[in-house]
Amino acid sequence: MPKLSPPRGRFSIHTRAANVQRFQRDKFDIAVVGGGITGAGIARDAALRGLSVALLEKGDFGSGTSSKSSRMIHGGLRYLRQRHVSLVRESLRERGVLLKIAPHLVRPFPFLLPVYGGGLEERLQLKLGLTAYDLLAGRRRLEHHRMLSRREVLQQEPALRPDGLQGALRYFDCVVHDARLTLATARSAARQGAAVANYVQATALERDGERVVGVRYRDLLSGRTGLLRAGVVVNAAGPWCDELRAMTGLPPKLRPTKGIHIVLPRHRLPVTDIVIFFHNDRGLFAVPKEDWTYVGTTDTDHQGDPGRARTDAADVAYMLEAVNDTFPGRAVVPRDIVSTWAGVRPLVAEEGAPTPSDVSRDYEIENDPPGLMSIAGGKLTTYRSMAQDLLDRLVAAEGRRLGWSPRPCRTAELPLPGGDVQGFDSYAEGAVAALEEGWGLSPAVASRLVRTYGTEHVKILAYALRDKRLLEPLTSSTAVLRAEALYTAEEEMAVTLEDFLARRSDLMLFDPAGRNGLTSAPLVARLMGGVLGWGWRARREQLRRYREAVAAMMSFTREKGTA
C-alpha cells in the first residue's frame, strides 16, 4: 500500500488515512485511547513535550461525554459547600488559562443565583461563599460579585417565581462550545506531530508478559484491523474506561451517571443571565443562547452502553417540573422542546456517596498493569491540568526506562487553533466590521464566523475564491455558511453528516428553522460528499443515518404521556 502524505496544514480524511497507516507502521512513545477532551488534552501535552503520540477515537472527537456537557468553564461554586477547596482553586486557575489560549471558544458570562427564603443569614452565607470564590480566583477574577435586591432581580428576570424571593447574587464564570474545544485540542496535537484519527476502535490490548505494549484496533471506515505499538498506552476512554480496564482483568472503577439537557425556544423561557435554580436539592441551570434557552442537568445512575444514553420521558418530566416550579406562568410542555442531549459522566465510584450528586468531580490516575495508565473522573474545566498531571507522573514513572527526554509542559501558554491573538474582543469587533463592510456578510453571520473560528475565519473566506456562492448561508434562516461544510471536511476531519451538523455547526441542537438541521442536511451532504467522495448512494445513507440520529434524540416524544 503506498504511503499517504497529508496535505500541509490539513486535518482531513486524507490525514486520517495517512495516520492509520502510521499506526500500523511506526512505534510510538504513547498511544492515547479516547478522543474526548481528556484524551485530546493528553495527546496535545505529550506532543508538545516532544514525545511521539498516537490518538485513536472510536467515534468522532468529543462525540461522547465531551459534547454533552452544560457548556460551562467554571470554578464550581457548589464545591465550596462540599469543602472541595483545592478543586475550586484548580478550576478557577484553569478557567483563566482557557480564556487565554481559546478566547474564541471560552467567554465570560453572568450567572444569577436567586435566594428564596432563609432571610438575611442565608444571603450572608452565600455572599461569604462568593467572596471566597473571588479570592480563590485571585488576579484571574472576572468581575466582582454583587448582591441584587428583590426588585432588581425581577426587573432583570421577570419570569422567575416571585413568591419568597429575597434577592440574588450575580457573578461571572464562562461558557464554551465543548465539542469545538475538544476538536481544537485534537487539531493542536496533530499540528505538533501527533498521529490522530477518529472512527478507529481499540479492540484489545497487546501484552508482552505482564506489560501492555500496544493496542489492537479496527478502522471503522475501512474495516481493516491492525496493531499499534507503544511504550505506554493511556486509557482516556471516559465512560468506556472500564471496558479497556476489563481487557487486562481489572475490576470496574466508575460510577457512570447520566445528565440530560433540553432546549427550548427562548420566548418560552426568557432569561438574560444564566439562572441557577434548585429542584429536589439538585442544582440546575437555565442558559440563554441566541434564540434558545437550554436547561440542565440531571444526575442519575446509568447502566449499559454510554453511547446509547438518551433523554427519556422521566427525564423530561423532572426537568419540566423544575422549570415550571421556578418559572411559573411559562407552562412549558414537552412539545416545546426542540432538541435534547444526554451524556454519561465517568465519575470514580466512592463509598458512602448515597446519590450521584454526592460523588466527587475529582479524578484518579492509575498505573496498572505496567504499560497502561488510566485516568477517570474529572471535569471539562480542568482537562488541561489533568493532562499535565498525568504526563508528569508518566514521565517520572516510565521516562528513564523508555529513554525519553521530554520538554516541560507548555499547554498553558500555546494558543489553540483560532485563539492566537491578544485582546480577542477588540480583534473580533474589528473583524466583524470588516466582514460586514468588505464581504457583505450580515451582522449575525459575521459575528458567528469570528466567534466560532477565531483567527481561522479567514480560511472560510478563502472558499469565496472558488465560488462566491459558498459564502451564502445553508438556508435562509441560518447563519451557517455553505463554505463551512467544505472546510470541516477538508480541515476538521468531519467524515459523517452528523459530525458537521451535530458537533461542528450545532445545527442539530440549535436550528433557527426548527428542524434539527434536517433542512440543511441534503445540501451539506452534497458539499461534504464532493470532498469525501460520496456518490448518491453514500449521500442517501448519510441522510438516513442522520435522520435516525435526530429521531433517537427526540425519542421521548414517542413515549407515553409526553406527546
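A Cβ-based charge dipole, computed about the Cα centre of region 309-439 with Lys and Arg at +1 and Asp and Glu at -1, lands at about 420 debye.
Legend: ranking of residues 411, 185 from fewest to most surrounding C-beta atoms inside 10 Å; resulting order 411, 185. Pairs with C-alpha atoms separated by more than 28 Å, drawn from the list 68/100; 68/127; 100/379; 27/68, are 68/127; 27/68.
How big is the gap, in Å, between the Cα center of region 244-269 and the Cα center of region 128-156? If you average the Cα positions of each part, the centres end up 30 Å apart.
Ranking 158, 327, 414 by Cα position along the charge dipole of the chain, where only Lys, Arg, Asp and Glu carry charges on their C-beta atoms, puts 414 farthest toward the positive end. Applying 1/(1 + (r/R0)^6) with r as the Cβ-Cβ distance of residue 464 and residue 526 and R0 = 22 angstrom yields a FRET efficiency of 0.75.
Based on C-alpha pairs under 8 angstrom that are at least 6 apart in sequence, the chain has a relative contact order of 18 percent.
Dipole of the chain (Lys/Arg Cβ +1, Asp/Glu Cβ -1, origin at the Cα centre): which of 33, 43, 226 lies farthest to the positive side? Farthest towards the positive end: 226. Our coupling estimate for region 368-373, obtained by passing each phi through the Karplus curve with A = 6.51, B = -1.76, C = 1.60 and θ = phi - 60°, is 6, x, x, x, 10, 10 Hz, Gly and Pro reported as x. For residue 468, the lysines whose Cα comes closer than 27 Å to its Cα, not counting residues fewer than 8 places off in the same chain, are 459.
For residue 72, the residues whose amide H sits under 5 Å from its own are 176, ignoring neighbours fewer than 5 places away on the same chain, with H placed 1.01 Å from N. For region 229-236, putting each phi into the Karplus relation 6.51 cos²θ - 1.76 cosθ + 1.60 with θ = phi - 60° gives couplings of 9, 8, x, 9, 9, 9, 8, 10 Hz, in residue order, rounded to whole numbers and with x for Gly and Pro. On the principal axes of its alpha carbon atoms, region 424-557 extends 43, 34, 24 Å, with the longest extent given first.
Residue-wise HN-Hα couplings along region 408-420, as the Karplus relation 6.51 cos²θ - 1.76 cosθ + 1.60 with θ = phi - 60° gives them from phi, are x, 5, 10, 5, 7, 10, 7, x, 7, x, x, x, 8 Hz; Gly and Pro carry x. Using the Cβ-Cβ distance between residue 86 and residue 537 with R0 = 56 Å, the FRET efficiency computed as 1/(1 + (r/R0)^6) comes to roughly 0.50. Only bridges whose two residues both fall in the chain count here: according to DSSP, what percent of them are antiparallel, nearest 5? Roughly 75 percent of the beta bridges in the chain run antiparallel, per DSSP. When +1 charges are put on Lys and Arg Cβ atoms and -1 charges on Asp and Glu Cβ atoms, the dipole computed for region 424-557 relative to its Cα centre reaches about 700 debye. Here the chain is treated with +1 on each Lys and Arg Cβ and -1 on each Asp and Glu Cβ, and its dipole about the Cα centre works out to around 1200 debye.
The numbers here are math on the coordinates, done by the rules we state, and not lab data. Keep in mind that what you see is a predicted model, and the values were worked out from it rather than measured. Using ideal geometry, Cβ is built from the backbone for each residue, glycine included, and neighbour counts are taken over all protein chains shown.
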